[in-house]
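One structure is given here, and the rest of the page talks about it.
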Amino acid sequence: MSGLITRRGLIAAGSGLLLGGCDRLSESPGFRSLLSGAEAVHERSQRLIGGHEPLAREFSPADVSPVFRPNGNRGVAGADYERHAAQDFANWTLTVDGLVAKPLALPLAAIQAMPQRRQITRHDCVEGWSAIGVWQGPQLSQILKLAGLLPRARYLVFHCADRFDTRPYYESIDLLDAFHPQTILAWRMNDAPLPVANGAPLRLRVERQLGYKHAKFVQRIEARASLAGLYGGKGGYWEDVGDYAWYAGI
Amino acid sequence: MNEAVDPLASEGGERVHRHRLSTRLWHWLNAVTLALMLMSGLTIFNAHPRLYWGEYGANFDKAWLEIGAVRGEGVLRVGQVTIRTTGLLGVSQGADGAERHKAFPHWATIPSYYDLAIGRRWHLAFAWVLSLSLALYLLWSLVNGHLRRDIHITRREWRPAHVWRDVKAHARLRFPTGVAATRYNVLQKLAYAGVLFGLLPLVIVTGLGMAPGIDAAWPWVTEIWGGRQSARSLHFLAAFGLLGFFVIHVAMVLLSGPFNQVRAMITGWYRLPR
């Protein structure tokens with residue numbers, strides 16, 4: 001077409017108008033908080049239909065992905081972590097503190113000696129891909145019972161060894177997910193020690209939410225009354241940096 | 001659609017009340033919502049422009065559809081077939097004219113730049129508008145008789161000879177005149193019923209099937225499609241089915257008197273074609 005108004009031109013102009021408006025709306029704090037209001041609706045409606053605290057589906061060994069795609073940080077920079085990795089994490093310690101009656105410093109061996117849960121579950125990334133893997137570790141609830149959560153505790157924050165630039169990775173969940181039977185601290189994947197790329201030596205599995213909630217390289221668990229005051233206040237690295245939803249059940 | 005005109009006396013030209021308020025409201029709300037859903041959905045697709053069948057699927061697994069850039073050329077691969085799509089898919093120009101390697105170009109996505117988090121916020125907020133407005137509209141259309149009177153396909157209309165006659169009329173671009181133009185023909189009914197009871201529910205339920213929280217609470221929502229990645233593939237296909245409907249729908253409006261048609265969908269009043 002050689003006229004002034006071409007079909008492509010019309011589409012571009014029309015979509016330009018719509019897009020310009022949508023980009024402006026995307027950046028307007030008021031409209032963003034309106035859109036973000038849907039997050040609370042997702043959380044409440046999913047918690048309503050999941051009031052019976054259902055288990056995420058578990059699969060059979062035949063369903064496991066041939067290769068489990070690692071994502072996010074695939075390792076941790078620094079001599080400290082390298083030393084731990086060289087020692088097969090024999091001296092890795094998990095700290096449990098914050099609003100607990102008895103702060104803990106659990107050696108990896110102690111975590112490995114606790115009663116274990118093994119589950120074959122599907123990992124759903126926010127980007128859209130999925131991988132099925134075999135996970136094993138103690139239920140988080142056991143560790144929390146050892147530490148004794150104080151009544152004011154509402155959230156658990158997972159402080160990780162990996163960093164994006166200078167900021168360490170961190171994530172948080174509420175007590176509903178913390179005490180869910182499938183919420184485990186996995187130190188084994190596919191019946192072998194958790195590889196570094198997948199978060200060695202310890203990663204969280206919180207099976208009813210998307211992958212970025214499953215903190216890797218977990219060093220410290222902190223019980224808190226609120227997420228305010230934790231870095232950007234939204235409860236997680238991607239939540240603070242990229243405005244991803246804290247409730248990631250959808 | 002009300003038939004206020006005596007069918008025997010009409011030769012066209014009269015004004016009739018064609019679309020109910022509920023239909024008009026839902027039509028425009030749904031049009032805007034679908035545009036936002038499709039475009040924010042393409043942002044989400046751009047995060048991982050590969051589709052799989054089954055429960056799992058990631059970079060190491062076999063994708064049945066893939067959009068990407070190979071040596072600077074944009075490519076779309078479906079099964080064994082690879083098509084060069086530079087300029088549109090895989091490799092395209094950004095709003096600033098610079099070359100961008102992304103599956104769908106900036107003019108097709110919300111936001112126009114790549115931001116998965118905000119794309120998801122648009123998509124998941126308007127998913128409620130899409131689902132609730134469809135549910136209300138279907139319920140109301142059942143109550144007020146719209147479905148029974150206007151969408152229901154009668155036994156006579158299902159007859160192959162009748163359908164074939166309608167196909168031929170469409171192919172020749174012969175549209176009904178007079179009062180016959182107030183009733184949907186069988187191909188129209190099939191298209192509208194296909195959207196109301198087929199593509200829209202499919203796109204909604206496959207969308208829910210991708211949510212890990214829903215999968216835990218109601219596993220059948222994911223399982224009926226054969227797994228989360230199958231649900232994602234079907235979600236994409238249903239979205240493009242809706243885009244296909246939109247293209248044909250707009251083409252039919254343009255061919256059959258766009259001013260009269262659009263006016264009828266805004267005001268409700270339609271002038272019977274002569």
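Here is how the numbers come out for the structure above:
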| quantity | calculated |
| --- | --- |
| Rg ratio (alpha-carbon, reference 2.2 N^0.38 Å) - chain A | 1.17 |
| Evaluated at q = 0.11 Å⁻¹: base-10 log I(q)/I(0), Debye formula over Cα of the range A:112-225 | -0.33 |
| In the range A:30-88, the trypsin sites (Lys or Arg not before Pro) that fall in loop regions by DSSP, at most 15 other Cβ within 10 Å | A:Arg74 |
| Under 11 Å, Cβ to Cβ, from B:Glu223 - net charge with Lys/Arg +1 and Asp/Glu -1 | 0 |
| Rh by Kirkwood over Cα pairs, then Stokes-Einstein D for the range A:78-176 at 0.890 mPa s and 25 °C, µm²/s | 155 |
| Globularity ratio of the range B:186-234, using Cα Rg and 2.2 N^0.38 Å | 1.31 |
| Dipole moment magnitude, nearest 20 debye, the range B:163-251 about Cα centre, only Lys, Arg, Asp, Glu C-beta charged | 540 |
| If the convex hull is drawn through the Cα atoms of the range B:135-229, its volume per residue in Å³ | 143 |
| Length added when fully stretched, B:Trp269-B:Trp158, from 0.36 nm per residue minus Cα-Cα | 37.1 nm |
| DSSP-loop trypsin sites (Lys or Arg not before Pro) across the range A:121-157, with at most 14 other Cβ within 10 angstrom | A:Arg152 |
| The range B:14-132 - convex hull of the alpha-carbon atoms, volume per residue in Å³ | 183 |
| Förster radius 51 Å - calculated FRET efficiency between A:Asp191 and A:Ser28 (Cβ-Cβ, nearest 0.05) | 0.55 |
| DSSP H segments from chain B that extend 24 Å or more along their own axis, Cα-based, with Kyte-Doolittle mean of 0.0 or above | B:21-47, B:116-143, B:228-255 |
| Surrounding net charge for A:Ala197, when Lys and Arg each add one and Asp and Glu each subtract one, Cβ distance under 14 Å | +3 |
| For A:Leu108, net neighbour charge (Lys/Arg +1, Asp/Glu -1) across residues whose Cβ lies under 13 Å away | +1 |
| Positive-pole candidate from A:Pro29, A:Val64, A:His42, dipole of the range A:18-65, charges at beta carbon | A:Pro29 |
| 10 Å Cβ neighbours from other chains, averaged over peptide B:126-137 | 1 |
| Kirkwood-based shape ratio for chain B, expressed as Rg/Rh from alpha carbons | 1.02 |
| FRET efficiency for B:Thr82 and A:Leu150, using Cβ-Cβ distance with R0 set to 51 Å, rounded to 0.05 | 0.30 |
| Per DSSP, loop trypsin sites (Lys or Arg not before Pro) in the range B:69-149 with at most 10 further Cβ within 10 Å | B:Arg71 |
| Kirkwood hydrodynamic radius of the range B:152-201, Cα pairs, Å | 11.7 |
| Rg to Rh quotient for the protein assembly as shown, alpha carbon positions, Kirkwood Rh | 1.05 |
| Global form of the range A:39-104, assessed from the alpha-carbon gyration tensor, a/c cut-off 1.5 | oblate |
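Computed from the coordinates by the stated procedures, all read-outs in this text should not be read as laboratory data. On a predicted model such as this, the values are computed, not experimentally measured, just so you know. All Cβ positions, glycine included, derive from the backbone under ideal geometry; neighbour counts span all protein chains shown.
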